[in-house]
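All of the numbers you see were taken from the coordinates with simple rules; none came from a lab. Just so you know, these numbers come straight off a predicted model, no measurement behind them. Virtual Cβ from ideal backbone geometry, glycine too; neighbours counted across all protein chains shown.
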Amino acid sequence: MEFSDAIQLLLIGISQGCGYALIAIGFVFIYRATEIVNFAHGELMMLGAFMVLTFSEIWGLGFWLGSALGILSLGVFGYLLDAVVMRRLVGQAQATIFILTVAIAMMLRALAGMIWGWTPLSLSVPFSSDITFGGVVIGLDRIMIIVGTVVISLLLYAFFSLTRTGLAIQAASQNQLAAYYSRIPVKRLIAVVWAIGAMVAAVAGIMMAPVTQVDTGMSIFGIKALAGAVVGGFGSIPGAVLGCLIIGVAEPFLDFYFPAFKGTYAYIIMLAVLFIRPEGLISQTFQKKV
Amino acid sequence: MQVLFKTNYDQDINYLVDRGERVRVLLALALALIAPLVVGGYFLSELTMFLVYIIAGLGLMVLVGFTGMVSFGHGAFLGIGAYTHSVLLGYGLPFFITLPAGALAAGLIGAALGRAASKMHGFYMAIATLAFAIVVETGIGAWEHVTGGHMGLSVPPMAAFGWEVTAGPLQYYLILALVVFCIWGVANLMRSPTGRAFVAVRDSETSARSLGLNIARTRIKAFFISAMLTGLAGGLLSHLVFYLSPESFGVNESLKLLLMVIVGGLGTITGAIFGAVFVSILPNLINLLQNFLPSSIAEAAGLEQLLFGAIISGFIMFEPEGLYGRWRKLRLFIETFPYYKRATFTRQKRYLKTERFR
Amino acid sequence: MSELEVNNLVVAFGGVKAINDVSFSVEPGEIYAVIGPNGAGKSTIFNAISRVYTPQFGSIRFQGQELLNCEAHEVVSAGIARTFQNIELFENATVLDNLLVGRASKVRTGALSEFFFTPRVRREEHEHRRKVEDILDLLDMQHHRYEKVADLSYGARKNVELARALCADPKLLLLDEPASGLNPEETADMSFWLKDIKEELGVTIVMVEHDMNLVGRIADRVLAIAGGEVLAVGNVTEVQSNPTVQAAYLGTDA
């Protein structure tokens, strides 16, 4: 492998990792607020991409308007998902709730396949040209993923540390009962967290669409992002982002050198990390207070 | 309703103390014994499949229902059992050696996974088992010169020293015997210290530890037993599908097993059996449903997946105790008619039970 | 020799010292109460003794054996059983099963023989059951035997937890707020039972308790702590009249 190839793989890896990170940000938020691990987050991203595709291409509203509507529709979907389904399960065993999210994932994938078909569709985006510098060719769409991740992270950071709602959500995530007693509408805020998580997933869907095409198989990124978040440590956003970057960068190289297990290296890395450090690279306490 | 006056500790240890229960179990057993005399061919092979799924479901029940650990990867153990059994059978070993060997292989790999998983927190474990299933599926596909890779592996006949168990009543009775043996064994475990340890670890890790249970050891044990049973089911399953390919033991198969235990009713042995019944008649139900749906929906690819998902979520949301729970309520309704109160089963209001340390 | 000796114990979370250089000793057969305002570090001491937490410094000796060399699940075999502040029962099992899990440290059969339920397993089950029935008799709760814990009242659950700890045949019981949340009658019952346990079974009891009436009625000695440090040790009247203890509860101006 030549040096420029290596650089190219590295850049692809970083952008891929950022894509995972965008998804991970969404479910880590949801996890921190509700202790629910949303196995269906990859499906939310897929749904987001399909909605944008519908609005911008099928309805012909153009990319930007279509994206805005797509993201918004996912926000509504996320809100309803919590209000109608997840809220009923408060207090049930965690195990049951994971299984439920997996079941929701199955349904979303099947529904998407039935509505939009099982063959990949392409979404044309305004940033699809290639950039060349020093013998390295990289798609603008790849760069946009990295830029998008940084922008979204900053926006979310600002939202959670500066706005009233953001602070209220932080309070509710720390202690639901105490937040409730301080007149914070915990239920509604948690639904808002779901909405934000789903909207971030939709952005991830738009960003990833040009490099992967839009199809039901996209949802696999959700599981890889979960793997990344586990590698880095689920409890914190920076940890999850770091883990996703590690996975994203390692994947293309391992696929290149050892193609036998192509496509599964994200899981192999995660299993290896968990075997050595059962709590992930950045450990956190899960121990219950007695 | 029969009121039991207990005069002996054995009445709490023995199963089937209740007369009605005894009658029902004997009836089911009698039906299972005469079934091959009444039905044949296709229906008998369906019944055999149902029996195999009982063993697999029992395996997953030990882990998910009794010990409270979620596995999204039990399809992999089914695969490990099936492949080990078939490959060894291909080398000419008798089936009564290869079958336990397949179970043991699955059990040991399960224990190894369990050793790593035992230190993990709930959902890390779930994700790890999911990743494990994907890796195993890929691994079976990549290990071509033994497993035949994605081309598949045709299963040799179930034979020992020139004697062969052919599909049909003989195979059916053999599997029935194994099912009864497994149910008996698991029921024994659940009424002894190990079974109680499983439940204790599920319900409160902290106090289980303070009472002297080694959490990691208990979990590894549960993983071992669970994977072994599922591996045994895999070995038996290979003779019903004739042809193994890695795709048939992927995540979808794992989810089907999970569907089975949830629909059946988590935490009971009867639940595993009810779940197996449900999974066995599900394809027929889907066929039936397709007749009523407009053809654009009925013929769409993915309908089965959609229904799988809908069934699991429906049960989790509306009847977390599964079919077994329904059956219990129905029985109580009939036994205590007209005094049945819906409130008997209403759960207390619950709050988010945090599992985090703050 | 003292039954339990805690020396120079330090437990810190991050930079916060929850327990700072605490030493005390408990004599065999006494009821020893630990009191102190909220956040004083009472439960932390218990959690250090039962090895839920690992102290940064110090030693905990039980009958001469250093507990810090034990794993959390080995403490009970040394002879120490405990209850929890927020009840930690096996919710989806019957009271009987909960108490049988209490026998876990005495189990000598393995999974293989249990799979086949050999006669030996049955014999041992009978033994465990007899012990459990003794405890049920002692705490007068035979009528709850087949009830699910999830269906029990709060007070009954407290008793089940006490009974479960007793099933392990402990020499030392650690009770974390045994009377909190109980009504006056239940508290009175509890105080009788604790005396019975001390006198009939010869079990040493260390308890964290806020109810000073209960403490006054049954405790032989009292340890008062605040802010992770020992304020006073002595009998109830001595500790209650101690000016530092009063200051810790009521503020320095009182």
Checklist outcome for this item: Quarter of the surface of the C-alpha convex hull for region B:21-279, i.e. direction-averaged projected area in nm², equals 13.6 nm²
Checklist outcome for this item: For the protein assembly as shown, the dipole about the Cα centre with charges only on Cβ (Lys and Arg +1, Asp and Glu -1), to the nearest 20 debye, works out at 960 debye
Checklist entry - Which of B:83, B:340, C:146 comes first, and how do the rest follow, when ranked by fewest Cβ neighbours within 10 Å? => result C:146, B:340, B:83
Next on the checklist: Pairs of alpha-carbon atoms within less than 8 angstrom and 6+ residues apart define the contacts here; what relative contact order does chain B have, in percent?
Outcome noted: 28 percent
Checklist outcome for this item: For region B:126-185, the convex hull over Cα atoms projects on average to an area in nm² of 6.9 nm²
Checklist entry - Rounded to the nearest 0.05, what FRET efficiency do residue B:24 and residue B:144 have when you use their Cβ-Cβ distance and R0 = 41 Å? => result 0.25
Checklist outcome for this item: Neighbours of residue A:243 by Cβ distance under 14 Å: Lys/Arg at +1, Asp/Glu at -1, summed charge 0
Item to check | Chain lengthening between residue B:8 and residue B:31 when straightened (0.36 nm per residue, less Cα-Cα) | outcome: 5.1 nm
Item to check | chain C: DSSP helices with Cα axial extent of at least 30 Å and average Kyte-Doolittle hydropathy no lower than 1.0 | outcome: none
Checklist entry - Given R₀ = 60 Å, FRET efficiency for residue A:138-residue C:140 by Cβ-Cβ distance, to 0.05? => result 0.20
Checklist entry - Once you treat every alpha carbon in the protein assembly as shown as an equal point and sum by Debye, what is log10 I(q)/I(0) at q = 0.04, 0.09, 0.10, 0.11 Å⁻¹? => result -0.21, -1.04, -1.23, -1.40
Checklist entry - R0 = 30 Å: FRET efficiency of residue A:157 with residue A:118, Cβ-based, nearest 0.05? => result 0.20
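Sort region A:190-244 into rounded, prolate or oblate with this rule: let a ≥ b ≥ c be the square roots of the eigenvalues of the Cα gyration tensor; rounded if a/c is under 1.5, and if a/c is not under 1.5, prolate when a/b is larger than b/c, oblate otherwise.
oblate
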Checklist entry - Within the P(r) computed for region C:27-250, what percentage of the Cα pairs occupies the region above 20 Å? => result 62 percent
Checklist entry - What does the charge add up to near residue B:25, with Lys and Arg as +1, Asp and Glu as -1, over the other residues with Cβ less than 13 Å from its Cβ? => result +1
Checklist outcome for this item: Taking a straight Cα-to-Cα line shorter than 16 Å from residue B:221, and setting aside same-chain lysines fewer than 8 residues away, one finds B:119
Checklist outcome for this item: Note: C:87-94 gets an average of partner chain Cβ contacts (10 Å, Cβ to Cβ) equal to 5
Item to check | Whole-number percent relative contact order across region B:161-253, with pairs defined as alpha carbons under 8 Å at least 6 apart | outcome: 24 percent
Checklist outcome for this item: Percent relative contact order for region C:1-135, counting Cα pairs under 8 Å at least six residues apart, stands at 20 percent
Next on the checklist: Taking the number of other C-beta atoms within 10 Å as the exposure measure, put B:165, C:203 in order starting with the fewest.
Outcome noted: B:165, C:203
Item to check | Exposure proxy order (Cβ contacts within 10 Å, fewest to most) of C:54, C:204, B:268 | outcome: C:54, B:268, C:204
Next on the checklist: Could you compute the net charge surrounding residue C:42? Neighbours are other residues with a C-beta less than 11 Å from the C-beta of residue C:42; K and R count +1, D and E count -1.
Outcome noted: -3
Item to check | Shape metrics for region C:125-254, restricted to C-alpha atoms - Rg then Dmax, Å | outcome: 17.1, 61
Item to check | Positive dipole terminus of region A:16-216, leading residue within A:192, A:38, A:65 (C-beta point charges) | outcome: A:192
Checklist outcome for this item: If one compares the long axis through the Cα atoms of helix A:186-212 with the longest principal axis of the Cα atoms of chain A, the angle in degrees, nearest 10, works out at 10 degrees
Checklist outcome for this item: Output field shielding_mean for B:184-195 (other chain Cβ, 10 Å radius) holds 6
Checklist entry - Rounded to whole Å and sorted largest first, what semi-axes of the equivalent ellipsoid does the C-alpha gyration tensor of region C:1-138 yield via the square root of 5 times each eigenvalue? => result 34, 16, 16
Checklist entry - How long is region A:32-124 along each principal axis, judged by its Cα atoms, biggest number first, in Å? => result 45, 25, 19
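Please list the equivalent ellipsoid semi-axes of chain A, computed as the square roots of five times the alpha-carbon gyration tensor eigenvalues, in descending order and whole angstrom.
30, 24, 18
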Checklist entry - Which of the chymotrypsin sites (Phe, Trp or Tyr not before Pro) found in region B:238-316 are in a DSSP loop and have at most 13 neighbouring Cβ atoms, other than their own, within 10 Å? => result B:242
Checklist entry - In units of 2.2 N^0.38 Å, what is the alpha-carbon radius of gyration of region A:59-201? => result 1.32
